[in-house]
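Reading through the structure tokens given below for one structure.
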Amino acid sequence: MKIDIKSMNLEEQTAYLSTLGEPAFRARQIFIWLQGGAVSFHEMTNLPKALRTKLAECCWITKPEIVRRQVSKLDGTIKYLWRLSDGNCIETVLMRYHHGNTVCISSQVGCRMGCAFCASTLGGKVRDLTPAEMIDQVLFTQMDSGLSVSNIVLMGIGEPLDNFDTVIRFLELVNHPDGLHIGMRHISLSTCGLTEEIDKLAALRLQLTLSVSLHAPDDETRSRIMPINRAVGVERLFEACRRYFDCTGRRISYEYAMIDGVNDADWQADLLARRLRGTPGHINLIPLNEVKESPLKPSHRVAAFQKRLEEQGVTVTVRRKLGGDIDASCGQLRRKEMQRF
Ligand code: SAH
């Protein structure tokens, strides 16, 4: 078994290199190469040849292959379907905003959360991604598109807090001054609401933005569309969000996909406004993307719902739809690829 050296942090690489009798500065050189997107040890020309050969014998460097690349004619959004070394596929989306390019990355192959509206969860979870496979989505998107990424959202396939240690390692790598050096304030992490992990994340006091996929303010509706709610209800979820805010000082962004006749009633807007009272945060309304396997339809009440929330003092944004012509919402491209076989 060769070592996945790109998933290591600098300390681990330094310890590993010392077992080969190499000094710490070699580890740093290798770290810079790997986090810069090198795909072979032979290109690491500032290392002695013998070390390069030794590393090639003992270690391997992950490298996703592009299966499909779709570019939106509407807004330049680019969607990648990658094949990983074991044949599994994942998706990454590059979105172009005036404040910079944002990449939306996956954290797992599939997902086990079972949300009724989401394409990523239809085949269940296959496996967790590795830190290197998460970093690669940023590196290879940049290298292929020629565009530099300034923001990262963990909102692709998978539940990031269900792959906690890997996601924390990914954040460490992507934030490192010798790596991509993307600041925590330029990173958002989205979760369906795993409260224990929200507490673990809060304790780390990272300055990233936490997004919570709420989608309903009442237990009956939320349990119907999000199985996680049957274990931890809305009340306890908001308590965890409150603790997160108290601990980090960071406002939470709540995602709310508007589903026709399910979560778009006036009483739900009123309950939502009440729940948010005293917990700083804002609501991001998302026009539902239709998933063909699901009977759920987009709501026509987005503007009315927004107005009703705003009248009660809630800060609301409506997510702009990007890449509407290229199946750019999560899990849809992977699903199509799976169904070809
Ligand atoms: N598992 C994480 C992150 C991945 S999903 C989470 O649940 O937050 C990213 C966001 O897209 C989540 O808010 C999710 O609820 C939402 N989403 C999933 N399918 C959708 C669909 N068909 N239409 C609109 N939003 C959707």
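The values are calculated or read from the model by the stated rules, or taken from the named source; none is laboratory data. These numbers were taken from a predicted model, which means no experiment stands behind them. With ideal geometry, Cβ positions are generated from the backbone for all residues, glycine too; neighbour counts draw on all protein chains shown.
Restricted to the range 248-292, and to residues there that are in contact with a Pro (Cβ under 6 Å, 6 or more places away or on another chain) and closer than 27 Å to LEU204 by Cβ, the residue that is surrounded by the fewest Cβ atoms within 10 Å (Cβ to Cβ) is ARG251. Residues in the range 231-288 that are of a type in the set (S, T, N, Q) and part of a loop (DSSP other than H, G, I, E, B): ASN263, THR279.
For the range 188-216: of the residues being of a type outside the set (Gly, Ala, Ser) and assigned to a strand (DSSP E or B), which is nearest to ALA265 (Cα to Cα)?
Step by step, filter the range 188-216, then rank; the result is VAL212.
Could you please let me know if TYR244 is within 14 Å of the ligand (Cβ to nearest atom) and aromatic (Phe, Trp, Tyr)? Considered against the rule, which asks whether it is within 14 Å of the ligand (Cβ to nearest atom) and aromatic (Phe, Trp, Tyr), TYR244 comes out as no. May I ask you to verify whether ARG185 is more than 16 Å from the ligand (Cβ to nearest atom), of a type in the set (Lys, Arg) and outside any loop (DSSP other than H, G, I, E, B)? In short, yes. Can you confirm whether the range 75-84 contains a residue that is buried (at least 18 other Cβ atoms within 10 Å of the Cβ) and among the basic types (Lys, Arg)? Taking every residue of the range 75-84 in turn, at least one turns out to be buried (at least 18 other Cβ atoms within 10 Å of the Cβ) and among the basic types (Lys, Arg). Screening the range 150-165 for residues that are more than 15 Å from GLY110 (Cβ to Cβ), in contact (Cβ under 8 Å) with a residue 24 or more places away in the chain and not hydrophobic (A, V, I, L, M, F, W, C) and picking the one that is nearest to the ligand (Cβ to nearest atom) gives ASN151.
Checked against the criterion of being surrounded by 18 or more Cβ atoms within 10 Å (Cβ to Cβ), closer than 17 Å to GLY331 by Cβ and modelled with pLDDT of 95 or more, the candidates SER106, SER120 yield just one match: SER106.
Go through the range 293-303 residue by residue and tally those that are part of a helix (DSSP H, G or I), surrounded by 15 or more Cβ atoms within 10 Å (Cβ to Cβ) and among the small types (Gly, Ala, Ser). Matching residues across the range 293-303 total 0.
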